[in-house]
Amino acid sequence: MEERPENAVDTFEKMSLELKEDSLKITESTLRDLPDPSAAAAELEQQRLLFSPPADTTVNEELEETALSNVNKTAFYLEEAGVGLSRQEMQKIFLALRQLVEQEKPQQCRLWGKILGTESNYIVAETPHEEEVEQELSTEEQTEEEMENVDEEKDPLPRSVYTRPPVAPKEAAGTGANKFVYYVCNKPGQAWVRLPSVSPAQIAVARQINRFFTGRLDSVVLSYPPFPGNEANYLRAQIARISAGTQISPFDFYQLIEKESDEENEALLNNYEINADFEGISASEMVKDMANWVHHAYHILPQGRCTWVNLAANLDTEEEDEEANEPEPEVGPPILTAVSHDAEMFDCPPWSSWLSSTLTPHYALAVLRSVLWPGAYACAHAKEFVNIYIGRGLKCVGEEYSPPLPPPPQEEYPIGSEVTEELDPQVEEEQALSLEGQQEASEGTVESEEDDEDEDDD
Amino acid sequence: MDADLLTYSLNFVTGQGGAYSTEKIIALKTSFEILKQKYKFQRVLLWGKIMAMKNIYYIAQGRGQDELADRKYLYSFDCMNWFLLPSITDSMIQQVAANARGPFRGEPSFVYPARTRHGDEDKGAGLVATEEMRLAVTVKQIDEEVSVVPRGAFIKTGDLVQLNRSFGGLSKAEGKSLDNYMHFREPKSIKKEGVQKRGDWCPSFDFLDVLSDDVPKGSWSLQWESDDKVYILSSLLWLGLAFYHVPTTPHHGYIYFGDGQKNVHLAHMI
């Protein structure tokens, strides 16, 4: 409009033509993108493998028992109880457990539960321990105190008198807290990772800390007291604690195995087996009376193990007061103790119960929920029961919890007269001291030490 | 969580542990319709359940004309017979804060024993906290602190906050950032400048507080469920609150499943 060309209409027509041509131009370049194998494609492949047919395609004519527990049945019970995961998720987990059974071939395999983390979650499967050499997956701390090179002649450096307190040994695989082996994965379809066995030190520290799980097995657990291990160890310790506190079954479902009384082996734990004559208890009874439920997991003692070990006996002490320092053996409730004996916390019973359906009570399940470990549930119906944990993996600590404080800084050296700075004596004091020395010397006592001191005090 | 899409939406959030048996779902669907007619609600939402010692409280929320301001809460034990929760007053909050401790008991008429503290005897005399009051205050508090909606799901026209009928959902990339999720409560944040710097800031969408302003920073856990193609946000401050959103669709909702106690130790745990 500023230029005022003569053929305004022609120019306008040209511009309009160019505009229309632009919209018809092919903008693709001759370079073609390669398909990007993204993480999503890899994940889809994993999911597809879940559905692959079983390796052993021979159809069993007889109804043999399989190692895989019926997760579908578990899913049904949990849904009726109003807890648990969606049916589709449980079905996927079922297929993933099937993969685990095919890979590891355990005697039994049970879904233990799901632990939620901040970045991703863990699905946990429980299998009884098999007789095989266990591979240590976690790094054990091996630190030896190094002997310092000392000038033995003059001025020896102060020797540290700190002796590391004896560490309780891990329980043997297949007993106590290590009775079961746990496998975890983040999502059904991913490879199952075997968790290392748990040590008493890890349980002891896990009892004092309260940290969320992140979802990565190798992440560091930042806490005070420092946790001996990474998240895989922390997860295993929490699983051990949760199992010890919340694995319950109807009374008389399991019975103790009679063992020969052996005085030396008092420390051995009683074993239990399924009671073939179990009759089943009605759901309403199970809901009302907590004595109808018993713990079938071993209680973990304050030491961090299920059987107590006398650490003082291992030390070669020559002290005479060995007997006075003898620690008292720790005792916990024996296996198959009734749930009604569980201690109350926060003025509330530790378990809360309800019937799954009030409208059709005849077929209802009895459901128990743990208040101490939010997320632990047990359901029972007729002759069957289910235990599951779905939660964050943390105990209810109450409002008055505060994390333990670090100890005061250690002393670098013993405070004594050799290292404390003293004021040099005043002239008058020195004179008074030397006067005394002369007096005593004149009295006949040899006070050569004082003279030496005076000389050394320069 | 909308009553009409209950079965569909519950599928997503049960990953956090709270399931509903089929019996409860059909009871909810029926009773919500009854509630809609009785109380003249526009929508009835399932808010969640609070596990008490002896019972389970099922909580529902009815919304009126203004989605933010007209909210009423109801509770039930069997998902069929609903009772209105009392509306909150400041004195009620004080009484509950002073006295209610420990898990929920399960009886709405339970009176919490008064806690006597030094210097508080004059003020404390006569203040009682019943479980019903505690329930009302807790539910309101959870909504205040950890309710979540995606950005754009609600619009503010004039003074009215309403559902945005043309909400297409967040895209998959948008859903990854906590900037695109907001608290569904009266906005408290004074930091308006950060929000206004957004390229696509719009006063009718951005009238709520954004989740990324929450302290402490790690108090939300955002996970992507690739089977269901859904984002799940779970709160670490009130353990048990789960929010889901399917990207590029308008489906979203949040539900609570827990024991109704705030996680006051959050700062130590992250």
Is at least one residue of the range A:388-399 in a loop (DSSP other than H, G, I, E, B), without any contact (Cβ under 8 Å) to a residue 40 or more places away in the chain and open to solvent by less than 90 Å² (accessible area, probe 1.4 Å)? no
Check the range B:23-32 and report whether any residue there is part of a strand (DSSP E or B), of a type in the set (Gly, Ala, Ser) and touching a Phe, Trp or Tyr at 6+ places or on another chain (Cβ under 7 Å). no
Could you list, in sequence order, the residues of the range B:71-88 that are closer than 23 Å to B:HIS183 by Cβ and open to solvent by 70 Å² or more (accessible area, probe 1.4 Å)? B:LYS72, B:SER87
Of the conditions (1) more than 14 Å from chain B (Cβ to nearest Cβ); (2) open to solvent by less than 100 Å² (accessible area, probe 1.4 Å); (3) modelled with pLDDT of 70 or more; (4) farther than 26 Å from A:ILE390 by Cα, A:ILE335 satisfies every one except a single condition; which number is it? (4)
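Conditions (1) modelled with pLDDT under 90; (2) out of contact with any helix residue (DSSP H, G or I) (no Cβ under 9 Å at 6 or more places or on another chain), marked per residue:
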residue: A:LYS187; (1), (2): yes, no
residue: A:TRP192; (1), (2): no, no
residue: A:ILE203; (1), (2): no, no
residue: A:ILE209; (1), (2): yes, no
residue: A:PHE213; (1), (2): no, no
residue: A:TYR224; (1), (2): yes, yes
Before we move on, is B:SER221 assigned to a helix (DSSP H, G or I) and either within 14 Å of chain A (Cβ to nearest Cβ) or within 26 Å of A:VAL221 (Cα to Cα) (or both)? no
Here the qualifying pairs (Cβ atoms under 9 Å; residues six or more apart or on different chains; first in the range B:258-270 and facing chain A (nearest Cβ under 9 Å); second open to solvent by 70 Å² or more (accessible area, probe 1.4 Å)) come out as B:GLN261/A:GLU399; B:VAL264/A:GLU399; B:HIS265/A:GLU399; B:HIS265/A:SER402; B:HIS268/A:SER402; B:ILE270/B:LYS217
Determine the pairs where a residue that is within 30 Å of B:ILE25 (Cβ to Cβ) and outside any loop (DSSP other than H, G, I, E, B), located within the range B:80-98, has a partner that is modelled with pLDDT of 85 or more and open to solvent by 70 Å² or more (accessible area, probe 1.4 Å) with Cβ atoms under 7 Å apart, the partner being 6 or more residues away or on another chain. B:LEU84/B:LYS72
I need the full set of residues from the range A:100-113 which are open to solvent by less than 40 Å² (accessible area, probe 1.4 Å) and outside any strand (DSSP E or B), in order please. A:LEU100, A:VAL101, A:PRO106
If you scan the range B:220-231, which residues turn out to be touching a residue at least 24 places away in the same chain (Cβ under 8 Å) and open to solvent by less than 10 Å² (accessible area, probe 1.4 Å)? B:VAL230, B:TYR231
If we keep only residues of the range B:10-23 that are touching a residue at least 40 places away in the same chain (Cβ under 8 Å) and crowded, with 22+ Cβ neighbours inside 10 Å, then the residue nearest to the other protein chains (Cβ to nearest Cβ) is B:GLY17
Report the residue count in the range B:24-53 for those that are within 14 Å of another protein chain (Cβ to nearest Cβ) and surrounded by fewer than 18 Cβ atoms within 10 Å (Cβ to Cβ). 3
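The values are calculated or read from the model by the stated rules, or taken from the named source; none is laboratory data. The model shown is predicted, which means the values in this text are computed figures rather than measured ones. Glycine also receives a Cβ, built like all others from the backbone with ideal geometry; neighbour counts cover every protein chain displayed. Surface accessibility is based on the protein's heavy atoms, side chains included, excluding ligands, DNA and RNA. Shrake-Rupley method; radii C 1.70, N 1.55, O 1.52, S 1.80 Å.
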